[in-house]
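One structure below.
Bear in mind that the values in this text are calculations on the coordinates, not laboratory data. Values in this document were obtained by computation on a predicted structure and should not be read as measured data. Note: ideal-geometry Cβ built from the backbone for every residue, glycine included; neighbour counts use all protein chains shown.
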């Protein structure tokens with residue numbers, strides 16, 4: 001069946017986001033057998049180098065779907081029990097009664113009650129995720145810092161719990177996914193990045209996708225501009241950054257074409273088994289960093305638009321953002337990358353205020369999903 005995409009309309013919506021203040025963005029949209037790719041704006045605002053649809057990009061927490069899939073494959077192999085306590089596998093990292101209470105499933109779905117470690121690793125982020133209590137100094141100071149995941153995990157585990165294991169709503173926390181990385185390493189003997197590459201990225205044929213913590217992005221890419229709620233003015237490039245501070249939680253580099261391929265194969269039951277996919281699509285409410293409630297499964301977000309359900313994930317790194325979604329029937333999907341983050345100003349109470357980018361971006365996403 002031929003798709004119903006309107007290339008001119010999609011390009012105009014893309015350019016509207018650029019004109020609203022986004023330095024550059026690019027996307028790939030599919031409807032049945034029709035594919036549209038478009039880009040608008042600059043990869044480098046100083047030189048005027050244009051952004052293009054084939055660029056590699058840090059996609060932040062979309063990494064979590066890949067990590068979750070790698071864990072589910074170990075469940076299929078009989079090496080991991082989805083409802084087994086994490087303390088069974090990692091007794092030194094989650095000791096005592098807590099390790100006996102938190103299951104692997106609860107880590108993947110952010111319902112473990114484990115706190116986010118970021119504000120402890122980055123001293124100027126005290127009070128994170130509330131922007132009013134944070135400043136960007138630690139971001140620059142840790143540009144080349146090589147963190148060890150067990151040190152970051154210890155920060156999250158020792159912090160006050162955000163809830164009881166299995167309680168809802170869950171609270172989004174990267175600590176969960178660093179623990180899943182250590183689980184993969186313990187079970188397979190390979191570092192998490194190597195395991196996910198071997199079991200998920202390579203079998204899916206994702207030739208431009210890489211799980212890497214090294215500071216540099218190999219291949220063509222845009223600069224990644226971070227504004228940190230306009231405290232960094234003008235926004236500064238953070239495309240060179242040591243990603244060990246997030247590892248298997250948010251360090252993936254990919255392209256919009258590879259992201260669409262991955263989620264298409266996942267929803268078709270070709271990454272994990274149909275039974276595992278069904279587990280990934282069992283959702284619970286989870287409170288995100290911005291305070292919004294996500295309908296969250298095992299590394300998958302569920303989004304409902306009029307008449308249609310979509311699965312995918314959103315992601316953010318310093319200066320880069322991405323979102324990828326695919327309809328439940330697999331017929332329509334989109335992947336979008338932007339090269340500016342946290343563009344909103346804060347009001348007197350310290351909360352982010354609406355910006356023209358917000359409305360333009362929402363209109364673009366709505367168009368890609370609904371036409």
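Things to note:
- Cα centroid separation - the range 116-184 against the range 202-279, whole Å: 19 Å
- Residues of the range 317-354 with amide N under 18 Å of the 7 Å Cα→Cβ point at residue 141: none
- Semi-axis lengths, Å, the chain, gyration tensor of Cα atoms, sqrt of 5 times eigenvalues: 30, 25, 19
- Calculated FRET efficiency, residue 305 to residue 53, Cβ-Cβ distance, R0 = 25 Å: about 0.55 to the nearest 0.05.
- Estimated distance in nm for a label pair at residue 32 and residue 282, the labels positioned 7 Å out from Cα along Cα-to-Cβ: 3.6 nm
- For the chain, built as a Gaussian network whose Cα springs stay under 10 Å, the top-fluctuating residue of 44, 54, 347: 347
- Listing 241, 122 from fewest to most neighbouring C-beta atoms within 10 Å gives 122, 241.
- Normalised by the number of residues in the chain, the average gap of Cα pairs under 8 Å and 6 or more apart makes the relative contact order 24 percent.
- Modelled spin-label separation between residue 362 and residue 240, with each label point placed 7 Å from Cα along the Cα-to-Cβ direction: 3.8 nm.
- Cα gyration tensor shape of the range 1-74, rounded if a/c is under 1.5, else prolate or oblate by comparing a/b with b/c: oblate
- Working ranking of peptides 84-91, 160-167 by packing, defined as the average number of other Cβ atoms within 10 Å per residue, highest first, is 84-91, 160-167.
- Residue with peak Gaussian network fluctuation, the chain [Cα springs, cutoff 10 Å], from 27, 69, 278: 278
- Fewest-first ranking of 108, 35, using other Cβ atoms within 10 Å as the exposure measure: 35, 108
- The range 21-174 shape via C-alpha gyration tensor axes, a/c threshold 1.5: oblate
- Highest-fluctuation residue, 110, 224, 148 considered, GNM on the chain with Cα pairs under 10 Å: 148
- Computed FRET value (nearest 0.05) for residue 164 with residue 273, which takes r as the C-beta separation and R₀ as 51 Å: 0.95
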